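Trainee: There's a structure below that I have some questions on.
The values are calculated or read from the model by the stated rules, or taken from the named source; none is laboratory data. Keep in mind the model is a prediction, meaning the values are calculated, not measured. Cβ: placed from backbone, ideal geometry, glycine included. Neighbour counts: every protein chain shown. The protein model used for the area step is the full one, side chains on, heavy atoms only, and it has no ligands, DNA or RNA in it. Shrake-Rupley method; radii C 1.70, N 1.55, O 1.52, S 1.80 Å.
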Amino acid sequence: MSGRSYSADELRGLDPSDQRPLLARYDVARAAATLHREALAARKSGGLWRWHELLPVRRWESVLHLGEGATPLHGAARYASFLGLPNLSVKRESLNPTGSFKARGMAVAVS
(Lines give C-alpha, C1' and ligand atoms only; values in the text may rest on other atoms or scores of the structure.)
Protein backbone atom coordinates (compact mmCIF):
# COMPACT_ATOMS: atom_id res chain seq x y z
CA MET A 1 0.00 0.00 0.00
CA SER A 2 1.27 3.41 -0.91
CA GLY A 3 -0.43 5.13 2.03
CA ARG A 4 -1.70 7.92 -0.21
CA SER A 5 -5.19 9.39 0.08
CA TYR A 6 -7.44 10.38 -2.80
CA SER A 7 -10.63 12.38 -3.05
CA ALA A 8 -13.84 10.36 -2.95
CA ASP A 9 -15.10 12.63 -5.76
CA GLU A 10 -12.73 11.00 -8.24
CA LEU A 11 -13.64 7.64 -9.72
CA ARG A 12 -10.72 5.31 -9.00
CA GLY A 13 -10.41 1.60 -8.46
CA LEU A 14 -6.66 1.27 -8.26
CA ASP A 15 -3.98 3.35 -6.60
CA PRO A 16 -2.21 5.17 -9.46
CA SER A 17 1.13 4.86 -7.69
CA ASP A 18 1.20 1.07 -7.35
CA GLN A 19 -1.89 -0.26 -9.19
CA ARG A 20 -3.25 -1.97 -6.07
CA PRO A 21 -6.92 -1.80 -5.08
CA LEU A 22 -7.86 1.20 -2.97
CA LEU A 23 -9.32 0.60 0.47
CA ALA A 24 -12.05 2.79 1.93
CA ARG A 25 -11.43 4.24 5.37
CA TYR A 26 -14.31 5.04 7.68
CA ASP A 27 -14.51 7.23 10.76
CA VAL A 28 -15.58 4.41 13.09
CA ALA A 29 -15.11 6.54 16.20
CA ARG A 30 -17.58 9.12 14.87
CA ALA A 31 -20.05 6.39 13.87
CA ALA A 32 -19.86 4.92 17.38
CA ALA A 33 -21.42 8.10 18.79
CA THR A 34 -24.81 7.14 17.33
CA LEU A 35 -24.38 3.52 16.21
CA HIS A 36 -24.63 1.40 19.32
CA ARG A 37 -26.63 -1.65 20.42
CA GLU A 38 -29.65 0.30 21.71
CA ALA A 39 -29.87 2.55 18.65
CA LEU A 40 -29.61 -0.38 16.27
CA ALA A 41 -32.25 -2.34 18.19
CA ALA A 42 -34.63 0.61 17.80
CA ARG A 43 -34.17 0.59 14.03
CA LYS A 44 -36.65 -2.14 13.17
CA SER A 45 -36.68 -1.42 9.45
CA GLY A 46 -34.46 0.12 6.86
CA GLY A 47 -32.46 -2.86 5.66
CA LEU A 48 -28.87 -1.90 4.99
CA TRP A 49 -29.67 1.77 5.72
CA ARG A 50 -29.97 0.92 9.42
CA TRP A 51 -26.19 1.12 9.32
CA HIS A 52 -26.16 4.56 7.65
CA GLU A 53 -23.31 5.86 9.82
CA LEU A 54 -20.97 3.49 7.97
CA LEU A 55 -22.25 4.02 4.44
CA PRO A 56 -20.53 6.44 2.03
CA VAL A 57 -23.50 8.59 1.05
CA ARG A 58 -23.21 12.37 1.07
CA ARG A 59 -26.77 13.40 0.23
CA TRP A 60 -29.31 11.39 2.17
CA GLU A 61 -32.15 12.81 0.10
CA SER A 62 -30.74 10.73 -2.78
CA VAL A 63 -31.15 7.43 -0.93
CA LEU A 64 -33.50 4.94 -2.54
CA HIS A 65 -34.71 1.98 -0.52
CA LEU A 66 -36.37 -1.08 -2.03
CA GLY A 67 -35.71 -3.36 0.93
CA GLU A 68 -32.07 -4.18 0.19
CA GLY A 69 -30.36 -5.90 3.04
CA ALA A 70 -33.51 -6.71 5.01
CA THR A 71 -32.88 -10.41 4.46
CA PRO A 72 -33.17 -12.90 7.30
CA LEU A 73 -30.55 -15.16 8.79
CA HIS A 74 -31.32 -18.88 8.73
CA GLY A 75 -29.66 -21.57 10.78
CA ALA A 76 -27.63 -24.06 8.75
CA ALA A 77 -27.34 -26.94 11.21
CA ARG A 78 -26.28 -29.67 8.76
CA TYR A 79 -23.64 -27.50 7.13
CA ALA A 80 -22.47 -26.31 10.56
CA SER A 81 -22.11 -29.92 11.65
CA PHE A 82 -20.18 -30.78 8.48
CA LEU A 83 -17.79 -27.87 9.12
CA GLY A 84 -17.50 -28.64 12.82
CA LEU A 85 -19.03 -25.31 13.82
CA PRO A 86 -21.34 -25.07 16.83
CA ASN A 87 -23.55 -22.37 15.32
CA LEU A 88 -23.77 -21.23 11.71
CA SER A 89 -26.28 -18.97 10.02
CA VAL A 90 -26.54 -17.89 6.40
CA LYS A 91 -28.18 -14.82 4.89
CA ARG A 92 -31.10 -15.44 2.54
CA GLU A 93 -29.88 -13.05 -0.17
CA SER A 94 -32.39 -14.33 -2.72
CA LEU A 95 -34.99 -12.19 -0.93
CA ASN A 96 -33.27 -8.97 -1.97
CA PRO A 97 -35.19 -7.01 -4.65
CA THR A 98 -32.75 -8.22 -7.33
CA GLY A 99 -32.49 -11.73 -5.92
CA SER A 100 -28.77 -11.16 -5.40
CA PHE A 101 -26.28 -10.03 -2.76
CA LYS A 102 -25.27 -7.34 -5.29
CA ALA A 103 -28.40 -5.34 -4.43
CA ARG A 104 -26.69 -3.91 -1.34
CA GLY A 105 -23.67 -2.49 -3.12
CA MET A 106 -25.69 -1.15 -6.02
CA ALA A 107 -28.19 0.57 -3.70
CA VAL A 108 -25.32 2.44 -2.03
CA ALA A 109 -23.58 3.17 -5.34
CA VAL A 110 -26.74 4.57 -6.94
CA SER A 111 -27.60 6.63 -3.86
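Trainee: What number of residues in region 46-62 are surrounded by 10 or more Cβ atoms within 10 Å (Cβ to Cβ) and over 14 Å from the mean Cα position of the chain (by Cα)?
Mentor: Total satisfying the criteria: 1.
Trainee: So, in region 10-45, of the ones that are among the small types (Gly, Ala, Ser) and closer than 25 Å to Gly67 by Cα, which residue ends up most open to solvent (accessible area, probe 1.4 Å)?
Mentor: Checking each candidate, the answer is Ser45.
Trainee: Within region 80-109, restricting attention to residues that are part of a helix (DSSP H, G or I) and loosely packed, with under 12 Cβ neighbours inside 10 Å, which residue is nearest to the chain's Cα centre (by Cα)?
Mentor: Looking at residues that are part of a helix (DSSP H, G or I) and loosely packed, with under 12 Cβ neighbours inside 10 Å, I get Ala109.
Trainee: To continue, here is another question. Is it true that some residue in region 18-25 is in contact with a strand residue (DSSP E or B) (Cβ under 8 Å, 6 or more places away or on another chain) and among the basic types (Lys, Arg)?
Mentor: Checked region 18-25: at least one residue is in contact with a strand residue (DSSP E or B) (Cβ under 8 Å, 6 or more places away or on another chain) and among the basic types (Lys, Arg).
Trainee: Here is a follow-up. Which residues, taken from region 34-75, are without any contact (Cβ under 8 Å) to a residue 12 or more places away in the chain and among the aliphatic types (A, V, I, L, M)?
Mentor: Ala39, Leu40, Ala41, Ala42
Trainee: Quick one: in region 58-72, which of the residues that are among the hydrophobic types (A, V, I, L, M, F, W, C) and outside any helix (DSSP H, G or I) is nearest to Leu48 (Cα to Cα)?
Mentor: Ala70
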